[in-house]
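**Q** Take this structure first; my questions come after.
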Amino acid sequence: MSKNDIVVAGGIGAGSNRTQFNDSFGIYFGLVNDSLVITNRFANDIIRWIIVDTTWTLLAGDGNGLSGLSLILLNSPCSVTFDLLGNMIVAGIYNYRIQIFK
């Protein structure tokens with residue numbers, strides 16, 4: 001790590017509060033708004049962390065770590081991307097699906 005490297009998100013240990021995440025399994029960099037979209041795997045949600053912010057915002061999941069098979073709950077999300085229309089596409093490990101969020 002060079003002296004110019006910086007931490008842009010998290011860095012204070014695993015957890016579920018809005019300054020932490022728990023197993024950031026996959027990330028997507030949003031060039032337009034300079035943000036990271038992160039699969040917060042063990043918290044069972046997808047979050048957005050704008051590079052200059054100190055907390056994240058919830059994009060999908062319940063925000064409290066609850067997992068499940070219903071359409072509003074995620075279970076170990078592992079990958080996230082966006083299509084050309086801006087729809088978020090999420091792959092989940094234990095709910096055995098790929099889901100589009102419009």
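**Q** What single numbered condition from (1) in contact with a strand residue (DSSP E or B) (Cβ under 6 Å, 6 or more places away or on another chain); (2) of a type outside the set (D, E, K, R); (3) surrounded by 12 or more Cβ atoms within 10 Å (Cβ to Cβ) fails to hold for ILE98?
**A** Looking at each condition in turn, ILE98 falls short on (3).
**Q** Would you kindly identify the strands (runs of 3 or more DSSP E) lying entirely within segment 37-102 that contain at least 1 residues that are in contact (Cβ under 8 Å) with a residue 40 or more places away in the chain and within 23 Å of GLY10 (Cα to Cα)?
**A** 45-50, 57-60, 77-82, 88-92
**Q** Related question: Looking at segment 21-65, which of the residues that are touching a Gly at 6+ places or on another chain (Cβ under 6 Å) and polar (S, T, N, Q) is surrounded by the fewest Cβ atoms within 10 Å (Cβ to Cβ)?
**A** ASN44
**Q** I've got another one for you. Please pick out the residue among ASN40, ASN17 that is under 19 Å from GLN99 (Cβ atoms) and out of contact with any Leu (no Cβ under 6 Å at 6 or more places or on another chain). Please lay out each step first, then the result.
**A** Values: ASN17 fails: under 19 Å from GLN99 (Cβ atoms).
Only one candidate passes the filter, namely ASN40.
Laboratory data are not the source of any read-out in this text; all were calculated from the coordinates shown. Because the structure is a prediction, the values reported are computed rather than measured. When we count neighbours, we look across all protein chains shown, and the Cβ atoms used for this are built from the backbone with ideal geometry, even at glycine.
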